[in-house]
Structures are given as C-alpha cells and as structure tokens.
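Novice: Following this message is one structure expressed as structure tokens.
The values are calculated or read from the model by the stated rules, or taken from the named source; none is laboratory data. Bear in mind the structure is a predicted one, so any value in this text is a computation, not a measurement. Don't worry about glycine lacking a Cβ; one is built from the backbone with ideal geometry, like all the others, and counts go over all protein chains shown. Note: areas computed on protein heavy atoms with side chains; ligands, DNA, RNA excluded. Shrake-Rupley method; radii C 1.70, N 1.55, O 1.52, S 1.80 Å.
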Amino acid sequence: MSRIIHKFTRTVPTWQPRVTPVNLAQATPEQLEALSVTPSNTKVSDYVLTLAHDVESLKVRSPLFNAIMYDAGGMSRAERELGAIGASMVNRCIYCAAVHADRHAKLEKDTAVTDELFTKGEKADLSERNRAIFDFARKLSEAPVAATPEDMATLKEAGLSEEEILDLILSTALFGWANRLMHVLGDPVREEVSA
C-alpha cells in the first residue's frame with residue numbers, strides 16, 4: 001500500500017508513474033539512443049523511462065536538462081538547485097522539491113536553507129543572495145510577467161552576474177516544465193509500513 005505525499009520534505013519519495021515506463025530490455029533502438037544521453041553514472045529513473053515513450057522529446061530534454069543544471073560556468077550547482085526548489089514549491093511538485101532540496105543540502109554540506117524553506121516557506125530567513133534567488137524563482141514561477149526589472153536589480157545587488165541570472169532563469173523555467181510533467185505522469189508516494 002502506498003500513500004501520496006502532500007508535504008515538502010528533503011526525504012525523496014518514490015515517484016509512481018501512471019503510465020508503464022519503457023522496459024529497457026524491450027526498448028526500441030530509438031528509445032535506447034534517446035536514453036543514452038542521460039548521465040551514465042546514475043540509474044535510469046522511472047520518470048526518464050516514462051518520458052522515453054516520446055523519443056523525440058526525450059532526445060531534446062536530457063541534453064537540455066544536463067546543460068542547464070550541470071554546466072561548469074555561471075551560477076553554482078547549489079544555487080541552480082535553489083531555483084529548482086523555488087519553482088517546485090510554487091508548483092507544489094513534492095517529488096522535485098525533495099530531489100533538489102536533497103541535492104542542495106549535499107552540495108552545500110548543510111541543511112539549513114532547505115530546513116528553513118520547508119518550515120517557513122516564502123518567509124524563510126535566508127542570506128541576501130539566497131533570498132534574491134528564491135524570490136526571483138518564485139515570482140518567475142507564479143507568473144513570468146511578475147518578474148520585473150527591479151527584481152533583476154535586486155539579483156545584481158545580491159552579487160549575481162548576468163550569466164548567473166541567465167542560469168537562474170533557465171533552471172527555474174526548466175522546472176516549471178518538469179514539475180508539470182511530473183504531475184501529469186505520476187505521483188510522489190510513500191510506502192506504508194505493515195505492522
């Protein structure tokens with residue numbers, strides 16, 4: 001028995017797809033080719049295997065995701081994760097918020113930021129830079145037109161370069177898309193422990 005999770009947590013739940021993921025042993029050559037662009041050092045997730053039903057989209061999605069989240073230049077990985085967390089919180093994507101909060105905490109070797117965000121939400125006590133990043137990601141996710149030139153100025157005042165701001169926009173927008181796919185294709189669940 002499993003139960004859908006409705007609360008933000010850094011503990012990554014299981015993601016249960018509504019569509020049967022592609023079975024690697026039965027995948028077409030095109031599906032295998034699209035799946036090969038995922039990072040080779042990780043297990044292929046049920047989410048990616050579900051996306052493999054649409055080969056053309058997956059061929060674009062995986063390289064785009066990797067370029068936005070893992071590129072060596074610009075904004076730090078932890079700060080990109082913070083943008084993903086902001087978007088995921090606005091979009092109520094419990095699974096993505098957990099995955100990226102866990103990654104953020106591991107990259108920072110500290111849980112303070114994610115603990116604060118999941119306890120106090122937008123009223124979290126954050127550093128000036130983290131506050132600017134989170135607020136911008138939140139505004140951009142709520143309604144892109146809500147992000148104003150004043151918000152850009154706030155990011156620059158917090159020390160972000162134009163390259164870092166672009167990385168923040170891209171990571172936030174990427175998760176606006178990813179969150180919606182996660183919602184439509186499956187649910188975050190916690191396995192119930194039998195007594």
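Novice: List every residue pair whose Cβ atoms lie under 6 Å apart, where the two residues are 6 or more positions apart in sequence or sit on different chains, the first residue falls within segment 61-72 and is in contact (Cβ under 8 Å) with a residue 24 or more places away in the chain, and the second residue, located anywhere, is small (G, A, S).
Specialist: I68/S171
Novice: Given the conditions (1) more than 18 Å from K156 (Cβ to Cβ); (2) over 13 Å from the mean Cα position of the chain (by Cα); (3) open to solvent by 10 Å² or more (accessible area, probe 1.4 Å), which single one is not true for A124?
Specialist: (3)
Novice: On to the next question. Give the residues of segment 78-93 that are part of a loop (DSSP other than H, G, I, E, B) and of a type in the set (S, T, N, Q), sorted by residue number.
Specialist: N91
Novice: Among M69, M75, which is modelled with pLDDT of 90 or more and either in contact with a Phe, Trp or Tyr (Cβ under 8 Å, 6 or more places away or on another chain) or in a loop (DSSP other than H, G, I, E, B) (or both)?
Specialist: Matching residue, one of M69, M75: M75.
Novice: Could you say which residue among E157, E163 is open to solvent by 50 Å² or more (accessible area, probe 1.4 Å), touching a residue at least 24 places away in the same chain (Cβ under 8 Å) and in contact with a helix residue (DSSP H, G or I) (Cβ under 8 Å, 6 or more places away or on another chain)?
Specialist: Step by step, each of E157, E163 is checked, and only E157 is open to solvent by 50 Å² or more (accessible area, probe 1.4 Å), touching a residue at least 24 places away in the same chain (Cβ under 8 Å) and in contact with a helix residue (DSSP H, G or I) (Cβ under 8 Å, 6 or more places away or on another chain).
Novice: Please state which of the following conditions E56 fails to meet, knowing it meets all the rest: (1) at pLDDT 90 or above; (2) open to solvent by 30 Å² or more (accessible area, probe 1.4 Å); (3) under 12 Å from Y95 (Cβ atoms).
Specialist: (3)
Novice: With the structure loaded, tell me whether D110 is acidic (D, E) and in a helix (DSSP H, G or I) or whether it fails that test.
Specialist: Taking the combined requirement at face value, the residue does not satisfy it.
Novice: Hey, L185 hits all of (1) under 14 Å from M75 (Cβ atoms); (2) open to solvent by less than 40 Å² (accessible area, probe 1.4 Å) but one; which does it fall short on?
Specialist: (1)
Novice: Scanning for something hydrophobic (A, V, I, L, M, F, W, C) and assigned to a helix (DSSP H, G or I), does segment 120-131 turn up at least one residue?
Specialist: Checking segment 120-131: not a single residue is hydrophobic (A, V, I, L, M, F, W, C) and assigned to a helix (DSSP H, G or I).
Novice: Let me ask something additional. Does at least one position in segment 175-184 carry a residue that is in contact with a helix residue (DSSP H, G or I) (Cβ under 9 Å, 6 or more places away or on another chain), assigned to a helix (DSSP H, G or I) and free of Cβ contacts under 8 Å to residues at least 60 places away in the same chain?
Specialist: yes
Novice: Taking the condition of being modelled with pLDDT of 95 or more and of a type in the set (K, R), how many residues in segment 112-135 meet it?
Specialist: Total satisfying the criteria: 2.
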